[in-house]
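Everything below concerns the one structure shown next.
The values are calculated or read from the model by the stated rules, or taken from the named source; none is laboratory data. Remember, predicted model here, so these are calculated numbers, not experimental data. Heads up, the Cβs are rebuilt from the backbone with ideal geometry, glycines too, and the neighbour counts pull from every protein chain shown. Just so you know, the surface numbers come from the protein's heavy atoms only, side chains and all, with ligands and any DNA or RNA stripped out. Shrake-Rupley method; radii C 1.70, N 1.55, O 1.52, S 1.80 Å.
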Amino acid sequence: MHLPVCLLVFSLFQSWANAHNHRKAVVQVAEGRPHLLSGGFLRLVCHVPQDADPDSPWMFEWFYNGRSVSLSTTYTFWEARVLQSGNYTCTGSRESVLDRTGILRTQISDPLWVEIDGGWVILKAPSKPMIMEESMDLTCHIRGNRSPQEVVFYLDGREVGRQGRSTLTVHNLTSEDAGQYSCKATWEEKGFYHSSVSTGVPVSILEILETPLLLAELHLVRRKMNLQLTCRTQLNTREETSTPILHYFMKNGRLLGPASSQNAFTIRDVSKGDSARYSCSVAVPALGERKGSYEVEVAVPWKR
């Protein structure tokens with residue numbers, strides 16, 4: 001009589017354990033920047049997001065280019081060397097009676113690329129994608145925190161700024177501001193002038209609301225053909241709260257119904273007359289943004 005209950009409890013435990021096994025560790029920068037001059041300081045930290053059991057501590061293992069290098073929550077570069085440049089990943093594990101091995105393990109994290117430059121100058125630029133209309137700071141840093149006499153900034157080899165300060169601010173970003181940035185610094189020391197050029201740093205710019213993509217799929221359901229329309233887009237914002245996106249679906253340029261927060265629309269039991277050009281558009285009223293997709297030609301086959 002108790003066997004089904006035991007099996008149910010075991011199944012629930014296994015489901016809980018499997019959910020933990022599918023969790024993924026994350027590498028983040030705790031101090032410093034992942035692009036630094038040799039001799040500099042950088043500290044990375046590994047953690048497991050949304051940990052539901054903080055009383056059971058995780059143990060972390062670090063990997064450099066796939067090779068195990070440390071067992072610790074953090075990984076620190078005290079005096080970074082050029083040879084330490086590469087991909088850094090980590091995994092988490094902890095004891096648990098819910099796993100057959102006695103150990104719960106996370107998936108390995110996405111890699112974080114650390115670039116340690118042995119030159120005189122580096123360009124400090126955002127490591128994460130920027131969003132259109134934001135402002136971006138670019139800093140041309142000279143080894144030893146020397147003050148520049150002149151700094152020239154380049155985008156894809158083209159000069160975009162020349163000034164006597166280390167930091168250039170680019171306001172109201174557009175898609176044309178994306179690309180490979182570098183800088184050339186000139187400084188004076190003991191009566192002599194020195195110049196050096198940094199390596200390139202890629203900067204990507206995201207649209208606030210990305211152009212939607214319409215997917216049109218025909219599905220046979222109980223001898224009836226349904227047309228599934230899916231409107232895919234991405235809203236890029238720094239706000240932590242979700243902002244509603246409204247979806248509109250069109251057939252030959254005419255609305256198929258009112259706006260919806262759902263990104264899918266189904267036309268049931270379609271016929272040859274539903275062969276048409278379909279499209280969708282998305283809007284974010286709170287931000288004043290609206291984008292439309294390209295049209296998709298759909299040909300509904302004759303029914304037999």
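Do you know which of the residues in the range 155-187 that are touching a Pro at 6+ places or on another chain (Cβ under 9 Å), over 19 Å from residue 35 (Cβ atoms) and in contact (Cβ under 8 Å) with a residue 24 or more places away in the chain is surrounded by the most Cβ atoms within 10 Å (Cβ to Cβ)? Per the stated criteria, the residue is 187. As for the range 231-244, it holds no residue that is over 22 Å from residue 210 (Cβ atoms) and hydroxyl-bearing (Ser, Thr, Tyr).
Only one of the numbered conditions (1) part of a strand (DSSP E or B); (2) over 30 Å from residue 207 (Cα atoms) is not met by residue 266, and that is (2).
Among residues that are in contact (Cβ under 8 Å) with a residue 60 or more places away in the chain and hydrophobic (A, V, I, L, M, F, W, C), residue 221 is not included.
Taking the range 230-260 as the range and being of a type in the set (Val, Ile, Thr) and open to solvent by less than 90 Å² (accessible area, probe 1.4 Å) as the test, the residues that pass are 230, 233, 237, 243, 245. As for the range 230-247, it holds no residue that is modelled with pLDDT of 95 or more, touching a helix residue (DSSP H, G or I) at 6+ places or on another chain (Cβ under 8 Å) and part of a loop (DSSP other than H, G, I, E, B). Counting only residues that are surrounded by 13 or more Cβ atoms within 10 Å (Cβ to Cβ), assigned to a strand (DSSP E or B) and not β-branched (Val, Ile, Thr), the range 188-229 holds 15 of them. Checking each residue in the range 67-122 for being touching a strand residue (DSSP E or B) at 6+ places or on another chain (Cβ under 9 Å), of a type in the set (Asp, Glu) and open to solvent by 40 Å² or more (accessible area, probe 1.4 Å) picks out 95, 110, 115. Of the residues making up the range 130-138, at least one is over 16 Å from residue 236 (Cα atoms), at pLDDT 95 or above and more than 18 Å from the chain's Cα centre (by Cα). Can you confirm whether the range 271-286 contains a residue that is in contact with a Phe, Trp or Tyr (Cβ under 7 Å, 6 or more places away or on another chain) and open to solvent by 40 Å² or more (accessible area, probe 1.4 Å)? Taking every residue of the range 271-286 in turn, at least one turns out to be in contact with a Phe, Trp or Tyr (Cβ under 7 Å, 6 or more places away or on another chain) and open to solvent by 40 Å² or more (accessible area, probe 1.4 Å).
Could we say that residue 100 is in a strand (DSSP E or B) and modelled with pLDDT under 95 here? Answer is no for this residue.
Table: residues versus (1) among the hydrophobic types (A, V, I, L, M, F, W, C); (2) in contact with a helix residue (DSSP H, G or I) (Cβ under 8 Å, 6 or more places away or on another chain).
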{"site": "37", "(1), (2)": "yes, yes"}
{"site": "45", "(1), (2)": "yes, no"}
{"site": "62", "(1), (2)": "yes, no"}
{"site": "75", "(1), (2)": "no, no"}
{"site": "81", "(1), (2)": "no, no"}
{"site": "91", "(1), (2)": "no, no"}
